[in-house]
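Have a look at the structure below, then the notes.
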Amino acid sequence: MHPAFSVIFLSTLIGVGQGLFLALYTGQIYAMMHLLPTQESHSFYAVGSVLAFFFLAAGLFASIFHLGRPMRGWRAMSQWRTSWLSREVIILPVTLCLVGAYAACHYFSWTTPFFTLAETYPIDPSLVVGAVATISTFALFLCTGMVYAGLKFLQAWYTPLTILNYVLLGGASGFTLAAAFSAYLGTEIVSFYALWAILLTSIAFMIRLSSLIRNSQLKSPSTLQTAIGVRHSIIAQKTQGAMCGSFNTREFFHHQSDERLKTVKTLFLFLVFPTPISLIILALSGIFSVNLLISAFIIQYFGLIFERWYFFTEASHPQNLYYQTVG
Amino acid sequence: MKQLALLIDLNVCVGCSACVTSCKEWNTSGWAGPMSDFNPYDANPTGTFFNRVQTFEVGTFPNTETIHFPKSCLHCEDPPCVPVCPTGASYKREADGIVLVDYDKCIGCKYCSWACPYGAREFDQYQKVMKKCTLCVDRIYDQTLPETERKPACVLACPTSARLFGDVHDPDSDVSQLIRERGGYQLMPEWGTHPSNHYLPRHKVHFTIHEDELQRSDNPLKKEGVLPDLPKDQQTSEDIFTSW
């Protein structure tokens, strides 16, 4: 498939936004359970979730460039019964609003507990909104993943690994950003986020490697024989009905050399996984920790752009069988 | 339930592309707006088509066969492009099974084209919506046309009658009978899309000639003992007179 930058930015940016929100909310839960020191509502949770909100909004903005007719985009909410894309279009603004509401709860300090669970865990509005937003965030991960994992002809994507990959890479980049953010504010919970970021990045690495191995062994049930229905082992295309390309050659082919694909694969495997992990470990050891964590996030995000680009080129569409030779 | 479809006879398709041009002509002039072209008279022309004819060579020289292969939307019985559409612009008509795109609802996200294994849909770069074969839905029901012309433009244009049009759910229709009798098949059956359009496979006609059949045993000249005329320069004047 042809890698579309609008979709690459959409999925990587909302991934960071979702991951960052989940990181903040995880921190709040831990603090509520008295496992971590409580952070200040205003400066930490409110600013952090506004940051997550901007990442989600930037993703939504990027998605507009994918549409031929963006002014009709609202219509995309109508087919939620059958279309994962429609479900994603609904759940993305919902998540955006809920993360915004979570930010508002903290900004306006609506943190007076409704009641105290088991006399130790105070339940306040921000916690309730955060819980709903968490469900919405995971629903968004599922929808984004299923947009790709639901297309059975694109075998490289038609696997639960695709959804896991979106969840884990979004989570990893979000927790890395949370570590950088908490270090920048000088809070004492940097190591909590840093360890989560290392854990998620490591699991994501294993999942991505398994999907790469799986995809390298794929064998399409479609061949030129089934495509045109001729039972002969030697078939060569002579014309494809267009001399200078068509939508079919532009949308479904990546037109990249094997060398470039290999370079991008090596690059993203290096930038998304070992580099940020090493930088985070270095940061935890104490020297230049803020700058190291910020660069860990930036490097990981750039790596994710390469990762998503490669994700598109990995998928081979069966229609390509009809467009092998120009003529 | 009716399911209109095309039946393409690969035995007689000569690859002339008359179906391609007539399709483009009819559909670019219709109510749905033009099928846009870019650089049509320049270097690197490209444009939107509902139907394209491709050519494949089967076998190795000198034992090759050339197969001209027209490809347009197959109007699947279970179209994978329809449920994925987020706006409902892509739909399959209940009444006749034609798969259509509502160009006023399409947002041009191209997701339906990802979900079609045949590459039957093409994005119009000018109108910014997804387009595809309509089976000339604006023609086949047009009461102002004579009944014989209420067929898709490609079917009417085909000079060898390689394209047939009819209801594949009616067992007595011409297309159903041909599919049944001549082994009509579907493309990429492995994906379970159940395309309505079918293709008739090529078949070779074999017959054996025996040695004695090369010589006419009942040659009338031989029978009567009359020999053919000698070449002009070897004829005598007597030969010329008697031949009168």
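The values are calculated or read from the model by the stated rules, or taken from the named source; none is laboratory data. No experiment lies behind these values; they were computed from the predicted model shown. For neighbour counting, all protein chains shown are included, and Cβ atoms are generated from backbone atoms with ideal geometry for every residue, glycine included. The protein model used for the area step is the full one, side chains on, heavy atoms only, and it has no ligands, DNA or RNA in it. Shrake-Rupley method; radii C 1.70, N 1.55, O 1.52, S 1.80 Å.
Among B:C76, B:C154, B:C16, the largest mean-square fluctuation in a Gaussian network model of chain B (Cα springs under 10 Å) belongs to B:C16. The alpha-carbon atoms of the protein assembly as shown, seen along their principal axes, cover 135, 53, 46 angstrom, with the largest extent given first. Distances between placed amide hydrogens fall under 5 Å for B:F165 paired with B:L7, all partners being 5 or more residues away or on another chain. How high is the relative contact order of chain B, in percent, with contacts defined as C-alpha pairs under 8 Å that are six or more residues apart? Contact order relative to length: 26 percent.
How high is the FRET efficiency between A:S109 and A:L195 when r is their beta carbon distance and R₀ equals 25 Å, given to the nearest 0.05? It would help to have the intermediate numbers written out before the result.
Working: r = 29 Å, r/R0 = 1.16.
Using R0 = 25 Å, I get an efficiency of 0.30.
How would you classify segment B:69-109 from its alpha-carbon gyration tensor, with a ≥ b ≥ c the square roots of the eigenvalues: rounded for a/c under 1.5, else prolate if a/b is greater than b/c, otherwise oblate? Show your work: numbers first, answer last.
Numbers: a/c = 1.84, a/b = 1.41, b/c = 1.30.
It comes out prolate by the Cα gyration axes.
Rounded to the nearest 20 debye, the dipole magnitude of segment A:5-321 is 1440 debye, with +1 charges on Lys and Arg beta carbons, -1 on Asp and Glu beta carbons, and the Cα centre as origin.
A simple charge model with +1 on the Cβ of Lys and Arg, -1 on the Cβ of Asp and Glu and nothing else charged puts the dipole of segment A:1-126 at about 740 debye relative to its Cα centre. Projecting the Cα positions of A:A104, A:Q324, A:A133 onto the charge dipole of the protein assembly as shown (unit charges on Cβ atoms of Lys, Arg, Asp and Glu, taken about the Cα centre) puts A:A104 furthest along the positive direction. Taking only DSSP H segments of four or more residues, each worth -39500 (n - 2.57), what value at 222 nm results for the protein assembly as shown once the sum is divided by all its residues, to the nearest 500 deg cm²/dmol? Result for the protein assembly as shown, helices only: -14500 deg cm²/dmol. Split the accessible area of segment A:200-327 by element, probe 1.4 Å, and carbon with sulfur accounts for 66%.
In debye, nearest 20: dipole of the protein assembly as shown around its Cα centre with unit charges on the Cβ of K, R (+) and D, E (-)? The partial results should precede the final answer.
Details: 40 positive and 43 negative charges, 267 e Å.
It works out to roughly 1280 debye.
Taking only protein heavy atoms into account and a 1.4 Å probe, give the accessible area per residue of the protein assembly as shown in Å². That works out to 48 Å² for each residue. Buried accessible surface for the A/B chain pair comes to about 4600 Å², total over both chains, computed with a 1.4 Å probe.
Equivalent ellipsoid of segment B:39-136: semi-axes from √(5λ) of the C-alpha gyration tensor, largest first, are 29, 19, 11 Å. The alpha carbon convex hull volume per residue for chain B rounds to 280 Å³. Here the Debye sum runs over all C-alpha atoms of chain A as equal scatterers in vacuum, and log10 of I(q)/I(0) at q = 0.09, 0.10, 0.11 Å⁻¹ comes out as -0.53, -0.64, -0.75.
Computed over chain A with a Gaussian network model linking Cα atoms closer than 10 Å, the most mobile of A:W196, A:W309, A:W110 is A:W110.
A dipole drawn for segment B:9-72 from +1 and -1 charges on Cβ atoms has a positive end, and of B:F56, B:S22, B:N11 the residue lying farthest that way is B:S22.
What whole-number volume per residue, in cubic angstrom, does the convex hull of the C-alpha atoms of segment B:101-235 give? Could the numbers behind the result be given before it?
Values: hull volume 44.2 nm³, N = 135.
Convex hull volume per residue, Cα atoms: 328 Å³.
With the charge dipole of segment A:5-321 set up from +1 on Lys and Arg Cβ and -1 on Asp and Glu Cβ about the Cα centre, the Cα lying farthest toward the positive end among the listed residues A:V94, A:W74, A:G27 is that of A:W74.
Return a whole-number percent for the relative contact order of segment A:5-321, with Cα pairs under 8 Å and 6 or more residues apart as the contact set. Before the final figure, lay out each step's value.
Working: 434 pairs, mean separation 63.2, N = 317.
Over segment A:5-321, the number comes to 20 percent.
Phi angles of segment A:132-145 translate, via the Karplus equation with coefficients 6.51, -1.76, 1.60 and θ = phi - 60°, into HN-Hα couplings of 5, 5, 5, 4, 4, 4, 5, 4, 5, 4, 4, 5, 4, x Hz per residue; Gly and Pro are given as x. Looking at segment B:8-46, the chymotrypsin sites (Phe, Trp or Tyr not before Pro) that sit in a DSSP loop and have at most 15 other Cβ atoms within 10 Å of their own Cβ are B:W31, B:Y41.
Within the listed set A:K265, A:K152, A:K238, the residue fluctuating most in the Gaussian network model of chain A (springs between alpha-carbon atoms under 10 angstrom) is A:K238.
For segment A:1-129, rounded, prolate or oblate, judged on the Cα gyration tensor with a ≥ b ≥ c (square roots of eigenvalues), a/c < 1.5 rounded, else prolate if a/b > b/c? Because a/c hits 1.5 or more and a/b exceeds b/c, segment A:1-129 counts as prolate.
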